[in-house]
């Protein structure tokens, strides 16, 4: 019988009994031969099916303006699709460009252009600064961190909070240190915590003084419309906030339809000040004669308008919300009150972030792996995969079907309890 | 009545009469109100129509291996499509990757990675070399030259010849100069001359000694299967030649379906040594979770196999060959024997290169523009748009319909003759 009070209040005998109980549960798990995957934020086949009409679109190859989308040209992307997503993302169409299938590629391009050429507000190319640092809110998105690390930026971690990254800590860091060139941010439904950057935090980040005159906020709004409840949180309007604060070129906003239509065959977007968009397009144009406008037209026909995007997202929610509810149910039932883990209960996005007992996260991943459950490696949400407390785990329940989420989460809870019992009886 | 002997043999009176005659023809041209475009190598609507079946493909979202192409993943591209184009391009599938809609983007990526990280055979990132030069065969492709210039490479021009770039001149340049980091080459049906790099020239370039240990040949085989006759010239096998010469990492081969299916919505390819492909994919992966595999599957279904690609190209030829024949007919009839221009008669590709009297190319473009005919700017085929002799013009007859090619070329011939007469009577 499981205890209902915090494990650290148990006696040594009680802990030993608890550990034995969890070990027995884990042994049964091993014998059951599971093979499940909670690693990455991939949409499920059922979600992808929602967009299968794309496979038969477009019905024509000309857009409303008469552009033959099959041919070269149109670096900014198809106007009609830009108009739809300008409304969805609440930016001006003239400040938004539609690109290829990956917003991550656009982020890499922005950073590469800053390195090689400098930005509209740079004194020189960033590569000429021997020391370059970049603020990484933790826990955060591993691909962001890998990108800046590979490009030679030393990570500077700051904590993510319920209302966004710790803006006071960031403001203190950037005020006097010109080597800090920018920061990552997933503002709405952060990866992995699901937290939302508040208007107040966004305003602080937009207006703070920075020693680097060309400080950039890479505002990756990957989950802007990926609500899990009817709440439909609005993202802070970072472009307007920054412009109003006299730093119009500070933010670069990214978004995509990767988790709206097809993860690998969607359309990515970039928004920034007019001048910064022109700067981006100038360098984009040395290596492109235009994006895949046929795919953009395909998406334009599929959505119709901004309402069409939101209506489509409601269908995703209907599939995803029960999976996230199942994660909460199992964590609550199995771990509630035991004081061995705390976790987020996001109202949007693709992840649940769990902090287990310090020093046990990698053990949980190891136990799960042996039991056939693939989890994102412990520490993945930290630069260089290094979680100093070995405490954070990222759960991604979107890809498996609901029954698999149940089985996987039940197994993961067992692993968390066994790791905690091992730790407390050590 | 037009003369039939070289204009430079005419007397001053005869030239004056000839000039008057051409001026009258030009005045009639002005009055006729043409509006035609011979600027860029874009496929015509009729050519794009050949691939309209793509708009209703793919019929499924899984490839033969069962991969769900809609989701993330697969940085190398879809195996089935890689197999088809490995056969078309005569490389190993394992050495070929399929990417997005633009081979130019892949070229930019390769150069960017070389700058920021160095290649598999580099001692250090190229950006650390203050002086960097790049060999540009002229006339050549303006987008190539713009790319290396923007990335900080000083162009070193060498002449293009009927069998490819002047390999002896290149070998002499690169032997002792480590600042020369690489060269551009459109091997088969060069842009704009249409010339083909012979096996011998390719072998010299593959085997020559280079002071830079990491010298690269950017082998842009954009027109590999774009034959205008039944001759179907085979491209030299640069990867094998380089490997056999002990320089396996020297060439990087590029190709795409931009002028096979849809110019803006095709699939691009990169081929290199296995090690160099792995190098490319490593850095590609920091900014991509995979290419648009749905579009790759669309192309795979459309072609079926390598034979399907070649059969499809025969349909392009049927549309393009009459346009190129018309260019030759008019140039021969109007300019033949007058000694005021020489031009190429390509058996493939998208362009005709014309050398008019030195000092008159920009005048021809100006006259044509006033008469409503858009020509590629004089000098466009030279780095920085600078043709020292002001002699070269690039004609692109693919986009207009045949009747427009006739009208435009007749007008261009008049402009060439008037410019020559002006020059010779000056």
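The values are calculated or read from the model by the stated rules, or taken from the named source; none is laboratory data. Source: prediction; values computed, not measured. Here Cβ is always computed from backbone atoms with ideal geometry, including for glycine, and neighbour counts include all displayed protein chains.
Scanning the range A:330-350 for residues that are exposed (fewer than 14 other Cβ atoms within 10 Å of the Cβ) and either outside the structural domain of residue A:410 (by TED's automatic domain parsing) or under 30 Å from residue A:258 (Cα atoms) (or both) yields a count of 2. Residues of the range B:76-105 being in contact with a helix residue (DSSP H, G or I) (Cβ under 8 Å, 6 or more places away or on another chain), under 30 Å from residue B:180 (Cβ atoms) and assigned to a helix (DSSP H, G or I), which ones? Result: B:95, B:104.
Filtered by the rule that a residue be part of a loop (DSSP other than H, G, I, E, B) and touching a helix residue (DSSP H, G or I) at 6+ places or on another chain (Cβ under 8 Å), the range A:17-38 gives A:34, A:38. Screening residue B:43 on (1) more than 27 Å from the chain's Cα centre (by Cα); (2) buried (at least 18 other Cβ atoms within 10 Å of the Cβ) shows it passes everything except condition (1).
With respect to the stated conditions, residue B:169 is out of contact with any helix residue (DSSP H, G or I) (no Cβ under 8 Å at 6 or more places or on another chain), part of a helix (DSSP H, G or I), more than 26 Å from residue B:118 (Cβ to Cβ) and free of Cβ contacts under 8 Å to residues at least 60 places away in the same chain.
For the range B:177-284, the helices (runs of 4 or more DSSP H) that sit wholly inside it and include 1 or more residues that are more than 17 Å from residue B:167 (Cα to Cα) are B:238-244, B:274-284. Of the candidates B:370, B:403, the single residue that is within 17 Å of residue B:326 (Cα to Cα) and assigned by TED's automatic domain parsing to the domain that holds residue B:354 is B:403.
Quick grid of which residues meet (1) without any contact (Cβ under 8 Å) to a residue 12 or more places away in the chain; (2) in contact with a helix residue (DSSP H, G or I) (Cβ under 7 Å, 6 or more places away or on another chain); (3) under 30 Å from residue A:249 (Cβ atoms):
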site	(1), (2), (3)
A:281	no, no, yes
A:287	yes, yes, yes
A:307	yes, no, no
A:325	yes, no, no
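Here residue A:111 clears all of (1) more than 19 Å from residue A:218 (Cα to Cα); (2) out of contact with any strand residue (DSSP E or B) (no Cβ under 7 Å at 6 or more places or on another chain); (3) surrounded by 23 or more Cβ atoms within 10 Å (Cβ to Cβ) except the condition numbered (1).
The set of residues in the range B:39-61 that are outside any loop (DSSP other than H, G, I, E, B), within 10 Å of chain A (Cβ to nearest Cβ) and under 29 Å from residue A:48 (Cβ atoms) comprises B:48, B:52, B:54, B:55, B:56. Answer with yes or no whether residue A:65 is closer than 19 Å to residue A:319 by Cβ and surrounded by fewer than 20 Cβ atoms within 10 Å (Cβ to Cβ). Judged against the criteria, residue A:65 is not a match. Which residue is nearest to the other protein chains (Cβ to nearest Cβ), if the candidates are limited to the range B:127-146 and must be in contact (Cβ under 8 Å) with a residue 12 or more places away in the chain and farther than 21 Å from residue B:378 by Cβ? Per the stated criteria, the residue is B:127.
If we scan the range B:351-363, do we find a residue that is in a helix (DSSP H, G or I), closer than 18 Å to residue B:40 by Cα and in the same structural domain as residue B:42 (by TED's automatic domain parsing)?
Filtering the range B:351-363 down to residues in a helix (DSSP H, G or I) leaves B:361-363.
The next check asks that each one be closer than 18 Å to residue B:40 by Cα; those that pass are B:361-362.
When the remaining residues are screened for being in the same structural domain as residue B:42 (by TED's automatic domain parsing), the result is B:361-362.
Looking through the range B:351-363, at least one residue is in a helix (DSSP H, G or I), closer than 18 Å to residue B:40 by Cα and in the same structural domain as residue B:42 (by TED's automatic domain parsing).
Per the conditions (1) more than 12 Å from every other protein chain (Cβ to nearest Cβ); (2) loosely packed, with under 15 Cβ neighbours inside 10 Å, the sole criterion not satisfied by residue A:15 is (2). Summed over the range A:62-72, the residues that are in contact with a helix residue (DSSP H, G or I) (Cβ under 8 Å, 6 or more places away or on another chain) and either away from chain B (no Cβ under 13 Å) or assigned to a loop (DSSP other than H, G, I, E, B) (or both) give a count of 7.
Of all residues in the range B:245-288, how many are closer than 22 Å to residue B:224 by Cα and more than 14 Å from every other protein chain (Cβ to nearest Cβ)?
14
The set of residues in the range B:289-306 being crowded, with 22+ Cβ neighbours inside 10 Å and within 13 Å of another protein chain (Cβ to nearest Cβ) consists of B:290, B:291, B:292, B:293, B:294, B:295, B:296, B:297, B:298, B:299.
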